[in-house]
Amino acid sequence: MDVEEQVTPPEAPAEPDAGEIKTKETDGTAEPQVSVEEPKTSKSLKGWWIKTILMLALVVVSVVVLFQLGGYLTGEEVPQYTLPQLLRSINYPLFALLLGVILLYIAVESGKYAYMLKVHTGKFHFKIAVKTMFLGKYYDGITPLSTGGQPFQIYYLHKKKIPSGAASAIPVMRYVVSIIFLSTLSVVLLAITPRFVPESNVNLTALIISWISLAINLMFPTALVLFSIFPKAGKKAALGLIALLAKMHIVKNKERTQFKFIRLITDYSATLKQFGREFFKYVPLYILCILESLLFVTIPFFVVIAIANVQPTVELAVQIACLVIISRYMALLIPTPGNTGALEVASSLVFVTVSGIEPVIGWTILVWRFLTYYVYILSGIGINIFEIIRSAVRNRRARQKKE
């Protein structure tokens with residue numbers, strides 16, 4: 001990898017906002033494009049270190065709050081296990097199964113990028129796919145509302161000399177297809193929650209809040225579909241909504257926000273139309289996204305049966321899947337980076353209702369979050385530090401050769 005391909009944690013230039021995404025017409029197919037500037041190294045590194053340190057501090061605080069809350073919810077009658085007690089109670093064969101499920105989840109996530117790279121470039125590029133997945137998870141995790149992943153993935157793929165159209169389209173496609181299947185599964189699970197989760201276990205208010213949060217989070221995908229079918233009406237409605245928010249002083253720069261939103265939704269709409277024209281080409285991607293969604297809601301089940309060592313049943317698996325969705329959408333209403341803190345609290349409140357989990361509620365949530373979130377943060381930090389060191393070494397060698 002030469003200097004042009006170096007991956008330095010970017011600040012502003014490397015993470016293009018929606019307004020920078022351009023559309024290129026190729027054979028009648030609009031492909032989202034991105035203009036990427038070379039990052040300003042010193043400023044980028046400083047911003048990256050600040051974000052990373054703040055993120056790690058937030059994680060530490062969240063873990064402390066998690067165990068404090070767990071002790072409060074279970075009370076003195078059911079004290080939380082200490083680490084030695086936990087190690088004695090773990091079902092290690094089931095824990096090994098849990099790790100296998102996590103590896104499968106990572107493989108499925110990476111497989112989506114690998115397949116799309118195959119479609120767009122003719123090669124799977126497994127190494128690039130895995131790294132794209134990890135870096136996307138990392139930058140989603142350190143930015144509010146998980147907005148940093150896609151721009152950096154576009155930047156990274158561009159630096160790996162993936163064609164601009166593919167570099168821009170692949171993260172967009174991944175998002176569109178994944179959100180469709182996960183949202184559909186979420187609707188189903190919330191609908192069957194009253195059947196599988198006793199009313200005494202989940203407060204009706206929590207269920208209502210989850211439905212409201214789901215509706216809010218479906219606004220953007222719904223706007224994409226409507227914009228694709230009725231572009232003129234969709235554009236007019238979007239501009240009107242942003243103008244109204246500007247009058248309410250919720251949006252500060254009306255013109256810039258309108259420009260960014262219309263450009264963003266145009267690019268996403270172009271991706272939806274491409275799916276419509278080439279539906280069968282992406283069938284493997286749909287299968288991987290369905291599997292990813294199912295794994296997402298079942299991983300906590302494997303954590304529970306391994307850590308709490310409770311009897312695994314199909315009914316328990318469905319119950320926990322429902323609780324996962326409830327905690328997820330409750331946490332999404334609090335826009336912390338990667339939902340750190342919010343998801344830990346929401347999960348504790350709903351998972352403590354699972355029979356047999358009370359003494360290890362804090363450990364259960366911690367293991368779940370570590371395997372599905374903290375590990376990506378740590379991996380992203382490691383990848384970025386490695387790239388910083390390697391780039392510095394290669395730049396120094398390049399200067400020495402010139403001298």
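The numbers here are math on the coordinates, done by the rules we state, and not lab data. This one's a predicted model, so the numbers in the text were calculated from it and none came from an experiment. In this analysis, Cβ positions are derived from the backbone assuming ideal geometry, glycine residues included, and neighbour counts consider all displayed protein chains.
Beyond 32 Å in Cα-Cα separation lie the following of the pairs 51/131; 160/232; 131/232: 160/232; 131/232. Listed by chain and number, the lysines placed with their C-alpha closer than 20 angstrom to that of residue 247 are 235, 236, 260; residues fewer than eight positions away on the same chain are left out. When the Cα convex hull of the range 257-403 is projected onto planes of every orientation, the mean area is 15.0 nm². Among the trypsin sites (Lys or Arg not before Pro) within the range 209-254, those in coil by DSSP and having at most 16 neighbouring Cβ atoms inside 10 Å are 252.
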